[in-house]
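Here is the structure we will look at, set down as structure tokens.
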Amino acid sequence: MKAKIKVGIVGSKFAADFHAFSYRRNPTVEIAAAAAIDNLEPFAQKWNIPRTYADYQEMLAKEDLDLVSVCVPNFLHHDVVLAAARAGKHVFCEKPLATSVADAREMVAACRKAGVLLFYGEDWVFAPALRRTEEIIREGALGRVLYVKAKECHNGTHSPYAKDKQKCGGGCLIHLAIHPLGWILHLLGNGGQNPVVEVFGKCNGGLADNYVHKGNGGEDFAVGILKFAQGEHAFIEGNYITVGGMDDKVEIYGSEGNLKADLTFGSPLRVYSRPGYAYAIEKTDNTLGWTFPAVDEFLNLGYVDELAYAVDCVREKRSPQYGCSGELGLACVEIIAALYQANETGKLVRGRWI
Ligand SMILES: NC(=O)c1ccc[n+]([C@@H]2O[C@H](COP(=O)([O-])OP(=O)(O)OC[C@H]3O[C@@H](n4cnc5c(N)ncnc54)[C@H](O)[C@@H]3O)[C@@H](O)[C@H]2O)c1
């Protein structure tokens, strides 16, 4: 087993920041290099990254990396993952795996062919509150799970790329609702044995049809209903019309009980402030009056542990579990595509997605 692995990060902003934060907490990781087209020097200085590249291909060619973090806009995931696989590097790709089903399939196949591990970054799978949720469910506390309802919602993306429908692959359905989707597949999918067999989706149409974000090409409101082969239903939601901070919530209804989880407003802190302060939780626009600041936000959203898990897999040469695999990322992209199709046609879409 390798004592320490070398990591390269492609990207330098929001997601790259929580990757660097997570790697810095891990004594078995050396962040060797970063590549991006802007913000590179401030990012490298903040995290003390020794070498930087304006071209990620050059980084892949010159650096002896064990793992590459893909923290670039959605439409570039495909090219960067393929390049990393060609260079023989294991790769951790942020959500969504790709902007199209064809790209996502090609990425999974390319990594398999190159013999490199492909990790899909669904951080909810590693969020401590949801891991405890899973333990409680697996223990049988809720009886048979019948229905899961989950959402990620906030007041709009910070990334200019994500406002562009082509570069994002859609709007808040693919960009936000993919979190509850990935987690629910992990929870109910039984490692691929309990596929999703029916879906229906409804979203705003983007631009003038949006409620608030008239400049976004993709939708600012989206919901989806899924049915699993063993009969469970799930309701997922993503929207950009939720002010007051990122709202990530889960409700689970079982034959013997129910459970509610709050990933973002569940802080042990209650603060009342007249002048306000720097930061409370992701996507809040002020900190006046009563607030509930996040405590160790990157840990509690699952980032620290998802990356620690990937690093351990690379060190121990072990394939990722279903919830963190390229296959789960591919299933998410396929289901999102089916939800968009249902929204377009107004008809239920049937299939077999694992
Ligand atoms: N898991 C999560 O909760 C989560 C949260 C935020 C973002 N993300 C994902 O992370 C990815 C990045 O999002 P973000 O919010 O950091 O975006 P961002 O707009 O803040 O940053 C984009 C980054 O990509 C880099 N970039 C753009 N084109 C490039 C190129 N050709 N070569 C190299 N670098 C290039 C830019 O330099 C920048 O650093 C997205 O896929 C997003 O969905 C995931």
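The values are calculated or read from the model by the stated rules, or taken from the named source; none is laboratory data. Please read these numbers as outputs of a predicted model, since none were measured by experiment. Using ideal geometry, Cβ is built from the backbone for each residue, glycine included, and neighbour counts are taken over all protein chains shown. When the accessible area is computed, the model is the full protein with side chains, heavy atoms only, and any ligands, DNA or RNA have been set aside. Shrake-Rupley method; radii C 1.70, N 1.55, O 1.52, S 1.80 Å.
Suppose we filter the stretch 261-282 for residues that are part of a loop (DSSP other than H, G, I, E, B) and open to solvent by 40 Å² or more (accessible area, probe 1.4 Å); how many remain?
Residues in the stretch 261-282 being part of a loop (DSSP other than H, G, I, E, B) and open to solvent by 40 Å² or more (accessible area, probe 1.4 Å): 10 in total.
Name the single residue, out of those in the stretch 1-55 being small (G, A, S) and closer than 17 Å to E306 by Cβ, that is nearest to the chain's Cα centre (by Cα).
The selected residue is A15.
I'd like to verify a number: residues in the stretch 69-81 that are in contact with a Cys (Cβ under 9 Å, 6 or more places away or on another chain) and more than 7 Å from the ligand (Cβ to nearest atom), how many?
Here the count works out to 5.
With respect to the numbered conditions (1) open to solvent by less than 50 Å² (accessible area, probe 1.4 Å); (2) modelled with pLDDT under 95, which one is the sole condition not fulfilled by P195?
With (1) open to solvent by less than 50 Å² (accessible area, probe 1.4 Å); (2) modelled with pLDDT under 95 applied to P195, the lone miss is (2).
What do you reckon, is A177 open to solvent by 10 Å² or more (accessible area, probe 1.4 Å), of a type in the set (G, A, S) and touching a Gly at 6+ places or on another chain (Cβ under 7 Å)? Working first, answer last.
Working: open to solvent by 10 Å² or more (accessible area, probe 1.4 Å): no; of a type in the set (G, A, S): yes; touching a Gly at 6+ places or on another chain (Cβ under 7 Å): yes.
Judged against the criteria, A177 is not a match.
Mind listing whichever residues of the stretch 277-293 are within 17 Å of D17 (Cα to Cα) and among the aliphatic types (A, V, I, L, M)?
I281
Select from the stretch 1-30 the residues that are more than 19 Å from Q45 (Cβ to Cβ), charged (D, E, K, R) and touching a strand residue (DSSP E or B) at 6+ places or on another chain (Cβ under 9 Å) and list them in ascending order.
Of everything in the stretch 1-30, those that are more than 19 Å from Q45 (Cβ to Cβ), charged (D, E, K, R) and touching a strand residue (DSSP E or B) at 6+ places or on another chain (Cβ under 9 Å) turn out to be K4, K6.
Let's see how each residue does on (1) away from the ligand (no atom under 16 Å from the Cβ); (2) buried (at least 23 other Cβ atoms within 10 Å of the Cβ):
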{"site": "V148", "(1), (2)": "yes, yes"}
{"site": "L173", "(1), (2)": "no, yes"}
{"site": "K202", "(1), (2)": "yes, no"}
{"site": "A208", "(1), (2)": "yes, no"}
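Before we move on, is P42 part of a loop (DSSP other than H, G, I, E, B), out of contact with any Phe, Trp or Tyr (no Cβ under 6 Å at 6 or more places or on another chain) and more than 9 Å from the ligand (Cβ to nearest atom)? Write out each step before concluding.
Values: part of a loop (DSSP other than H, G, I, E, B): no; out of contact with any Phe, Trp or Tyr (no Cβ under 6 Å at 6 or more places or on another chain): yes; more than 9 Å from the ligand (Cβ to nearest atom): yes.
Answer is no for this residue.
Is it the case that A98 is more than 9 Å from the ligand (Cβ to nearest atom) and surrounded by 24 or more Cβ atoms within 10 Å (Cβ to Cβ)?
Working: more than 9 Å from the ligand (Cβ to nearest atom): yes; surrounded by 24 or more Cβ atoms within 10 Å (Cβ to Cβ): yes.
Yes: the conditions hold for A98.
Any chance the stretch 283-299 includes a residue that's crowded, with 23+ Cβ neighbours inside 10 Å, within 14 Å of the ligand (Cβ to nearest atom) and in a helix (DSSP H, G or I)?
No: the stretch 283-299 contains no residue that is crowded, with 23+ Cβ neighbours inside 10 Å, within 14 Å of the ligand (Cβ to nearest atom) and in a helix (DSSP H, G or I).
I need the full set of residues from the stretch 9-39 which are open to solvent by 20 Å² or more (accessible area, probe 1.4 Å) and either more than 7 Å from the ligand (Cβ to nearest atom) or in contact with a His (Cβ under 7 Å, 6 or more places away or on another chain) (or both), in order please.
Those that are open to solvent by 20 Å² or more (accessible area, probe 1.4 Å) and either more than 7 Å from the ligand (Cβ to nearest atom) or in contact with a His (Cβ under 7 Å, 6 or more places away or on another chain) (or both): F14, D17, F21, R24, R25, N26, P27, T28, E30.
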